[in-house]
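Novice: Below are the structure tokens for one structure; questions will follow.
The values are calculated or read from the model by the stated rules, or taken from the named source; none is laboratory data. Predicted model only: the values in this text are computed from it and were never measured. Cβ atoms come from the backbone with ideal geometry, glycine included; neighbour counts cover every protein chain shown. Keep in mind that these areas ignore ligands, DNA and RNA; they rest on the heavy atoms of the full protein, side chains included. Shrake-Rupley method; radii C 1.70, N 1.55, O 1.52, S 1.80 Å.
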Amino acid sequence: MYRKIKVIIIFSIVFTSFSYAQRYQIYEGGFENISDIKSFNVAFNYENIQVHGFESEEDFLKEKMEKRKANPEKAAAFRRDWFSNRDQYYNPAFINYFNNYFKKGERKIVVDSPYLMKVNLTWIYPGYALEPAKLSVTIEFIDTINSKKLLVVHFEKVIGMEKKTIEIDEYERVIGAFEKLAKNLAIQLK
């Protein structure tokens, strides 16, 4: 009797660990559909992103700006940086990590590929000084010549890369999450 319970508990732990480690779900197509594709163009979509703990991205920004209302310049800078950090830091961090992961150039993000990797951000947790940022993202791989989706995969709550220092700046923590997303995707494409 006890042996059966032990086996069930061990099986449950292993199964739970395996499913937790996957942290992605294929919505359409399969990785085999893009196995022969060596280069992708990339586009980032932040249009419908939700911020953890807030009804909307705008509610998040209102609260952060309200906290800085004593210094209007600082409040305006927070809002401006929230959006500009995407092109300045996050998108390049994803691209650089992805390209560097494939040291022999097996896969590459380039500007002129007919295959589009559309990175749709759906949820973000910016983290705190001691806690990494997290992202949920749906990535669509599209053959733009034929307007055909080859693969749609969702990565749920990707936890940012651990840094050896405390990251006070929010954008540093979010960069870590984009790098981890690139790593998780690259592992599936290897």
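Novice: For region 1-46, enumerate the residues that are at pLDDT 95 or above, part of a helix (DSSP H, G or I), farther than 27 Å from Asp87 by Cα and open to solvent by less than 60 Å² (accessible area, probe 1.4 Å).
Specialist: Correct list: Phe31 only.
Novice: Looking at region 114-152, which of the residues that are under 16 Å from the mean Cα position of the chain (by Cα) and basic (Lys, Arg) is farthest from Ile175 (Cα to Cα)?
Specialist: Lys118
Novice: Sticking with this structure for a sec: Would you check which residues across region 170-190 are under 22 Å from Tyr27 (Cα atoms) and open to solvent by 20 Å² or more (accessible area, probe 1.4 Å) and list them?
Specialist: Lys180, Lys183, Asn184, Ile187, Gln188, Lys190, listed by residue number.
Novice: Another question, then. If Pro92 satisfies every condition in (1) farther than 21 Å from Tyr24 by Cβ; (2) modelled with pLDDT under 95; (3) open to solvent by less than 70 Å² (accessible area, probe 1.4 Å); (4) not hydrophobic (A, V, I, L, M, F, W, C) but one, which is the exception?
Specialist: (2)
Novice: Quick one: would you say Ser84 is loosely packed, with under 13 Cβ neighbours inside 10 Å and either under 30 Å from Thr144 (Cα atoms) or of a type in the set (Lys, Arg) (or both)? Can you show your working first?
Specialist: Values: loosely packed, with under 13 Cβ neighbours inside 10 Å: yes; either under 30 Å from Thr144 (Cα atoms) or of a type in the set (Lys, Arg) (or both): yes.
When the stated conditions are applied, Ser84 passes them.
Novice: Considering every residue within region 99-108, establish whether at least one is of a type in the set (Phe, Trp, Tyr), touching a strand residue (DSSP E or B) at 6+ places or on another chain (Cβ under 9 Å) and part of a helix (DSSP H, G or I). Please lay out each step first, then the result.
Specialist: Let us first name the residues in region 99-108 that are of a type in the set (Phe, Trp, Tyr), namely 101-102.
Now narrow it down to the ones that are touching a strand residue (DSSP E or B) at 6+ places or on another chain (Cβ under 9 Å): 102.
After this cut, where a residue has to be part of a helix (DSSP H, G or I) as well, the list is none.
Within region 99-108, not a single residue is of a type in the set (Phe, Trp, Tyr), touching a strand residue (DSSP E or B) at 6+ places or on another chain (Cβ under 9 Å) and part of a helix (DSSP H, G or I).
Novice: Right, something else. Please verify whether Glu179 is within 24 Å of Lys104 (Cα to Cα), modelled with pLDDT of 95 or more and among the acidic types (Asp, Glu), treating the condition exactly as stated.
Specialist: Working: within 24 Å of Lys104 (Cα to Cα): yes; modelled with pLDDT of 95 or more: yes; among the acidic types (Asp, Glu): yes.
Judged against the criteria, Glu179 is a match.
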